[in-house]
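A quick write-up on the structure given underneath.
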2 protein chains.
Amino acid sequence: MARATKPDCKPADHRGAARHLPVNPEAMDRAAAIFRALSEVPRLRILALLSQGPSCVSELAAAEGEDLSTISQRLRVLRAERLVKRQRAGKHINYSLADQHILDLVFNALAHASEAPAAAAAASEPSPSAKKGKSR
Amino acid sequence: MARATKPDCKPADHRGAARHLPVNPEAMDRAAAIFRALSEVPRLRILALLSQGPSCVSELAAAEGEDLSTISQRLRVLRAERLVKRQRAGKHINYSLADQHILDLVFNALAHASEAPAAAAAASEPSPSAKKGKSR
DNA sequence: AGAACAGTTGAACAGATGTGCAAGTGTTCT
DNA sequence: AGAACACTTGCACATCTGTTCAACTGTTCT
């Protein structure tokens, strides 16, 4: 059982920090679930589409060049996290963002994305000794 | 080839919307990747821990009751998205949030999570006909 | 009622991802 | 130099998730 070996490295060495988390497990679960729903480009695209106004499934499908089933499944995920809501309108069902709040989330991520090129976490440390070229 | 069948449902029926997305593919990719990194509770917990100040891997491992390897892998994911940064301090390596910006993201999600109970997207439609009990 | 349209849902598959173990790298201490 | 500590990385395995096809539900039109 992976119990961590208590190291000689005490919190005080760095700062006074690392007492137990202030966030409750439930909130964490929800947040993680929301992030997971947002973690796929196709779903993000749907939100982008919906940010311009409500659309029915067929419309989204046409815009994305996908079939209804696929779009419906994606919407299902988004709906499960209350990111979008739906409303019947005769034969079709219109989807729309649950609230503008959600766009903040996406814009925030987008903003962070632009700040750093992200990716394979390369050169960033001061590199104290600056060894010669790394192979990988 | 799942080409969508163009329906009789034209955009104008709902609103004037659904022209092509205003967001570029690259940004979407990044955003999705960031969200994916945030989509697991264990990683969220690490961020929560780091929000209280820098910690070394051993410290995080001890706090979470996990082994170094596991924590290291999680940090790797977070680092790949530039959510955390590291800095050597002698024998240990201190990790810290890349910037406070990130907490906004999490708090935003947390906020949204509290707003709605989320989950299995149940009763929400006005239920026009309110048919009797659904079997499933 | 029956046909056609609009979506949803279930199941099967493939690809992606987290976890944990073992082995490897970089630092400090003796 | 060698030993011990602090991490990181490669791998294998089990799990999860997205996509797609087929079948089913709900609406509107004739």
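The values are calculated or read from the model by the stated rules, or taken from the named source; none is laboratory data. Quick caveat, the model's predicted, so the values are computed rather than measured. Note: ideal-geometry Cβ built from the backbone for every residue, glycine included; neighbour counts use all protein chains shown. Protein only, heavy atoms only, side chains kept; ligands, DNA and RNA dropped before computing areas. Shrake-Rupley method; radii C 1.70, N 1.55, O 1.52, S 1.80 Å.
Some observations on this one:
- Count of the stretch B:41-65 residues, restricted to those that are in a loop (DSSP other than H, G, I, E, B) and without any contact (Cβ under 8 Å) to a residue 24 or more places away in the chain, is 2.
- Residue tally, condition more than 14 Å from DNA strand C (Cβ to nearest atom) and free of Cβ contacts under 8 Å to residues at least 60 places away in the same chain, over the stretch B:66-113: 19
- Output for the stretch B:34-51, where each listed residue is open to solvent by less than 20 Å² (accessible area, probe 1.4 Å) and at the interface with another protein chain (Cβ under 7 Å from one of its Cβ atoms): B:Ile34, B:Phe35, B:Leu38, B:Ser39, B:Leu44, B:Ala48, B:Leu49
One line per residue, one yes/no per condition, for (1) open to solvent by 20 Å² or more (accessible area, probe 1.4 Å); (2) within 20 Å of B:Val23 (Cα to Cα); (3) out of contact with any strand residue (DSSP E or B) (no Cβ under 6 Å at 6 or more places or on another chain); (4) not in a helix (DSSP H, G or I):
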{"position": "A:Thr70", "(1), (2), (3), (4)": "yes, no, yes, no"}
{"position": "A:Arg76", "(1), (2), (3), (4)": "yes, no, yes, no"}
{"position": "A:Arg79", "(1), (2), (3), (4)": "yes, no, yes, no"}
{"position": "A:Arg86", "(1), (2), (3), (4)": "yes, no, no, yes"}
{"position": "A:Leu105", "(1), (2), (3), (4)": "no, yes, yes, no"}
{"position": "A:Asn108", "(1), (2), (3), (4)": "yes, yes, yes, no"}
{"position": "A:His112", "(1), (2), (3), (4)": "no, yes, yes, no"}
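- If the condition is being open to solvent by less than 40 Å² (accessible area, probe 1.4 Å) and at the interface with chain B (Cβ under 7 Å from one of its Cβ atoms), then the stretch A:52-68 contributes A:Gln52, A:Gly53, A:Ser55, A:Cys56, A:Ser58, A:Glu59, A:Ala61, A:Ala62, A:Ala63, A:Gly65.
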